[in-house]
Amino acid sequence: MDLADTTAIQQLVVILESMKIIGIDPGTAITGFGVIEIKQGNPSMLDAGVVRTPANTPITERLEEIYDGIKELCELHQPDEASVEKLFFAQNVTTAISVSHARGVVLLALAQANVKIYEYTPLQIKQAITGYGRADKNQIQEMVKLQLKLKQIPKPDDAADALAAALTHAQTTH
């Protein structure tokens, strides 16, 4: 075995022992984020919160704030992978378009930070977290709390949803 093989094996051991995943629940007004770390198969929360943008601000400024917020989180936490919730509604076309804009800048910020991106539908997230694809928000939040061994449900809801996305990815791929 040469030095390159040894280095590759050492890097693989580090990856298997610890992995950071950032979950994102995109939105124009509120984009939720949750960062978890998986160590030896056990998830723990590192950070969770939201990027808020003011309602009466032009869309270009709101998108820039979302982009900057996600970029900053990537610099701070150095996630290995990202789990982004897919857009799943089209009842209100205007809302769907603005959420799509937010998703676009989130995906761009993650890609520019060289974070491997995975996407999951709300149904996939509900199924992974609760075992039931029609679970309500309270059931999902309670399971996030239990899986991460938290004392209380993460707030606001968008942060809990982002943590659920990150946990879904951890369960689905690792």
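The values are calculated or read from the model by the stated rules, or taken from the named source; none is laboratory data. Just so it is clear, the model here is predicted, and its values are computed rather than measured. Cβ sites come from the backbone with ideal geometry, for glycine too, and all protein chains shown count toward neighbours.
I'd like the residue in region 111-142 that is touching a strand residue (DSSP E or B) at 6+ places or on another chain (Cβ under 9 Å) and free of Cβ contacts under 8 Å to residues at least 40 places away in the same chain and, out of all such residues, is nearest to D161 (Cα to Cα). My answer is P122. Within region 41-77, the set of residues being farther than 24 Å from I125 by Cβ and polar (S, T, N, Q) comprises N56, T57, T60. Evaluation of A82 against the conditions (1) farther than 15 Å from D25 by Cα; (2) small (G, A, S); (3) touching a strand residue (DSSP E or B) at 6+ places or on another chain (Cβ under 6 Å) shows that the sole unmet condition is (1). Evaluating L108 against the criteria (1) buried (at least 16 other Cβ atoms within 10 Å of the Cβ); (2) touching a residue at least 40 places away in the same chain (Cβ under 8 Å) leaves one unmet condition, (1).
Scanning region 120-136 for residues that are among the hydrophobic types (A, V, I, L, M, F, W, C) and modelled with pLDDT of 95 or more, we see that the one that is surrounded by the most Cβ atoms within 10 Å (Cβ to Cβ) is I125. Inspection of region 130-137 finds no residue satisfying the criterion of being in contact with a Phe, Trp or Tyr (Cβ under 7 Å, 6 or more places away or on another chain), of a type outside the set (V, I, T) and more than 19 Å from V51 (Cβ to Cβ). Only residues that are under 30 Å from E17 (Cα atoms) and outside any helix (DSSP H, G or I) were counted across region 59-108, and they come to 9. Return yes when V144 is at pLDDT 95 or above, closer than 30 Å to T60 by Cβ and among the β-branched types (V, I, T) and no when it is not. It is false that V144 is at pLDDT 95 or above, closer than 30 Å to T60 by Cβ and among the β-branched types (V, I, T). The set of residues in region 41-58 being of a type in the set (V, I, T), in contact (Cβ under 8 Å) with a residue 24 or more places away in the chain and part of a strand (DSSP E or B) consists of V50 alone.
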